[in-house]
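The values are calculated or read from the model by the stated rules, or taken from the named source; none is laboratory data. None of these values were measured; they are calculated from a predicted model. Counting neighbours? That spans all protein chains shown, and the Cβs are built from the backbone with ideal geometry, glycine included. Note: areas computed on protein heavy atoms with side chains; ligands, DNA, RNA excluded. Shrake-Rupley method; radii C 1.70, N 1.55, O 1.52, S 1.80 Å.
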Amino acid sequence: MRRLVVLLGTSALLLVGLSACGENDGDTGSNTGKVTVSGEFGKQPKVTYDGELDQEDTETTVITEGTGPEVEDGGTAMVHLYIGNGYTGEQALSTWDQKTPQVVPIDKNTLPALREAIAGQPAGSRVQVLATPKDAFDGQGNPDLYIGNGDSVVFVVDILDSVLDGPEGSEKKAPASAPEVVEKDGKVTGLDFSNAGKPSKKLKVITLTEGEGAPIKKKSYAVVRYLGQTYDGKKPFDESFSSDTLEARQVGVGGYIKGWDKGLIGVKAGSRVMILVPPSEGYGKAGQGKQIQGDDTLAFVIDVLAVH
């Protein structure tokens, strides 16, 4: 099944198709209608329609060529995305309106038009795809987006960053007093506090791997994997290393606990850090549920996989 997960408020919309992308040999056949895309990379594009778009062949155009890391076929990208109905000339979806980029796996399950737009392109690129109904949604349309089964579809994709599989960079030696990271089959599964020192009353950020990508700034979007455990806790209270799902979230705007919003600033893509969060920078005196008490120091292992 083809997939593209895009967040609409708190719900997820799954766009589905079933076939491979058609070949475009440069002959546009009887393609009709015209689409013009303007605006800067990273900002909401202005898409203008001149006539009804009717694509017999899918056309891909690189509007802005980036200079960042290339997104490989089989990899993952953080993107902003516009989808328009070529028949009506109406916007169907925009992640700029949602104020949240999306994390899109690029593989055989990806919508063909999106795979065509993203695979092989460097981060920093803006790509336009004028897709046939077949290459957009397998000729089935998408009722949730008011796209009919015979409608050609316009995609404008801003490739913000290529998402890493894990930390990449220079490994750093952790202080002897730091908790030990426990891994199984290459995935973080917990923290061992048996040889750790007493928790500090101040926020501490320990770099375990120093990446070479862009640093997180206030209001940056970051894609991360993480594990959290109370200091001296026996098991994690939350983690994402066992999940295949990734999402982009903004840092430094209150969406995370204070310890994350402060501690992640300056951390580069490709890094693995341990953040030790005192109660005042975590969930405060109230704690969080049954697992986190008001006086608990929290220990996190965070892999920063992409930043924009």
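Computed from the C-alpha gyration tensor, the three semi-axes of the ellipsoid equivalent to the chain are 43, 18, 17 Å, from longest to shortest. In this structure, the amide hydrogen of Ser152, modeled 1.01 Å from its nitrogen in the peptide plane, lies closer than 5 angstrom to those of Gln55, Gly86, Tyr87, counting only residues at least 5 positions away or on a different chain.
In deg cm²/dmol, rounded to 500, what helix-only [θ] at 222 nm does the chain give when every DSSP H run of at least 4 residues adds -39500 (n - 2.57) and the total is split over its residues?
Mean residue ellipticity at 222 nm (helix-derived): -1500 deg cm²/dmol.
In whole Å, how far is the Cα centre of region 196-216 from that of region 217-294? Between the Cα centre of region 196-216 and that of region 217-294, the gap is 12 Å.
Near Glu247, the amide H atoms lying under 5 Å from its own belong to Val224; only residues 5 or more places off or on other chains count, and H is placed 1.01 Å from N.
A 1.4 Å probe run over the protein chains yields, for the chain, 50 Å² of accessible area per residue, whole-number rounding. Calculate the FRET efficiency for Lys187 and Glu56 from the Cβ-Cβ distance with a Förster distance of 41 Å, rounded to the nearest 0.05. Working from the Cβ atoms, E equals 0.35. Multiplying the residue separation of Gln44 and Thr88 by 0.36 nm and subtracting their alpha-carbon distance yields 13.9 nm.
Across region 223-230, coupling constants 3J(HN,Hα) worked out from phi with the 6.51/-1.76/1.60 Karplus curve, θ = phi - 60°, read 10, 9, 10, 8, 9, x, 8, 5 Hz, and Gly and Pro carry x. Amide H to amide H, with H built 1.01 Å from N, Val163 comes under 5 Å of Thr76, Ala77, Met78, counting only residues 5 or more places away or on other chains. Multiplying the residue separation of Glu212 and Asp295 by 0.36 nm and removing their Cα-Cα distance gives an extension gain of 26.3 nm. Taking a straight line from the alpha carbon of Lys134, these lysines sit under 20 Å away, with near neighbours fewer than eight places off in the same chain left out: Lys34, Lys108. Going down the list Lys184/Lys204; Lys217/Lys268; Lys184/Lys235; Lys99/Lys258, which pairs span over 19 Å between their C-alpha atoms? Those over the limit are Lys184/Lys204; Lys99/Lys258. Applied to region 182-196, the Karplus parametrisation 6.51 cos²θ - 1.76 cosθ + 1.60 on θ = phi - 60° returns per-residue 3J(HN,Hα) values of 9, 10, 9, 6, x, 10, 5, 10, x, 10, 10, 9, 4, 10, 7 Hz, with x for Gly and Pro. When the inverse distances between all different Cα atoms of region 103-247 are averaged and flipped, the Kirkwood radius reads 19.0 angstrom.
Of the residues Val188, Val277, Val154, the one that moves most in a GNM of the chain with alpha-carbon contacts below 10 Å is Val188.
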